[in-house]
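Novice: Have a look at the structure that comes next, please.
The values are calculated or read from the model by the stated rules, or taken from the named source; none is laboratory data. What you are looking at is a predicted structure, and each value in this text was computed from that prediction instead of being measured. All Cβ positions, glycine included, derive from the backbone under ideal geometry; neighbour counts span all protein chains shown. The protein model used for the area step is the full one, side chains on, heavy atoms only, and it has no ligands, DNA or RNA in it. Shrake-Rupley method; radii C 1.70, N 1.55, O 1.52, S 1.80 Å.
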Amino acid sequence: QQQVKQSPQSLIVQKGGISIINCAYENTAFDYFPWYQQFPGKGPALLIAIRPDVSEKKEGRFTISFNKSAKQFSLHIMDSQPGDSATYFCAATMYGAQKLVFGQGTRLTINP
Amino acid sequence: SQTIHQWPATLVQPVGSPLSLECTVEGTSNPNLYWYRQAAGRGLQLLFYSVGIGQISSEVPQNLSASRPQDRQFILSSKKLLLSDSGFYLCAWSFGQGGNSPLHFGNGTRLTVT
């Protein structure tokens, strides 16, 4: 019940296309859902995060869509660029948990 | 602003040798501190976390140990390295109020055990 399932494992998108990464969770107590972006040889960096009181959050070309009833959330990257090529991790946690539950990661490649 | 320092960036150690990786955080007090390991092309495995000095929670039984001798210092150690200890080790911190604040990662240590 503590798992976060992320898909796909890898994704190739053409430059200018939309990249979509999906995550699903089971624990309804989760109330904070961040996404992390990791470039090779670097630590993951917080990209965008959402709480379940909203269904969508947008920051530039990055949007999180959240479906509370389905217990799913997704990351959309609009107008994908080669510089977006990285590994993306979704995560979830709840108040007082002290730690995040991470998805397995998605290796995104944007072809020029 | 807060910063996290992790060193060394790369390390090559023989099997059976000891290990000490250090992580320090600046610009905040009483952070939660974390050690993660990432195998090549894999996800993030939480090894240890700490909510205060001397308080260590272990997530995975293994050949490693962690210590927090000071508020903003977190150390990952091993007495005798195994080949399977190779990987990318990441230190991270979050605000320690008990709420769900994001993790902030260091740039990691690439450990190769030969």
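Novice: Can you list residues from other chains, or at least 5 along the same chain, whose modelled amide H is less than 5 Å from the amide H of residue A:85?
Specialist: When sequence neighbours closer than 5 places are left aside, the close amide H contacts are A:110.
Novice: Further question on the same structure: Which of A:86, A:97, A:24 moves the most in a Gaussian network model of chain A with Cα springs under 10 Å?
Specialist: Checking each option, the largest mean-square fluctuation is seen for A:97.
Novice: Show me you know the interface measure: the accessible area buried between A and B, both chains summed, probe 1.4 Å, in Å² to the nearest 100.
Specialist: The A and B chains share an interface burying roughly 1800 Å².
Novice: Considering every residue in B:43-50, what mean count of other chain Cβ atoms within 10 Å of its Cβ is obtained?
Specialist: Mean inter-chain Cβ contacts per residue within 10 Å come to 3.
Novice: Place a +1 charge on the Cβ of each Lys and Arg in the protein assembly as shown and a -1 charge on the Cβ of each Asp and Glu, then give the dipole magnitude about the Cα centre in debye, rounded to the nearest 20.
Specialist: 320
Novice: Let me know the charge dipole size of the stretch A:4-111 about its Cα centre in debye, to the nearest 20, where only the beta-carbon of Lys, Arg (+1) and Asp, Glu (-1) is charged.
Specialist: For the stretch A:4-111, the charge dipole is close to 140 debye.
Novice: If you count, for every residue in B:101-114, the Cβ atoms of partner chains within 10 Å of its Cβ, what is the mean?
Specialist: Other-chain Cβ atoms within 10 Å of each residue's Cβ, averaged: 3.
Novice: Averaged per residue, what accessible area in Å² does chain A show with a 1.4 Å probe, protein chains only?
Specialist: 49
Novice: Related question: Quantify how strongly other chains surround peptide A:44-53 by giving the mean number of their Cβ atoms within 10 Å of each of its Cβ atoms.
Specialist: Average per residue, whole number: 2.
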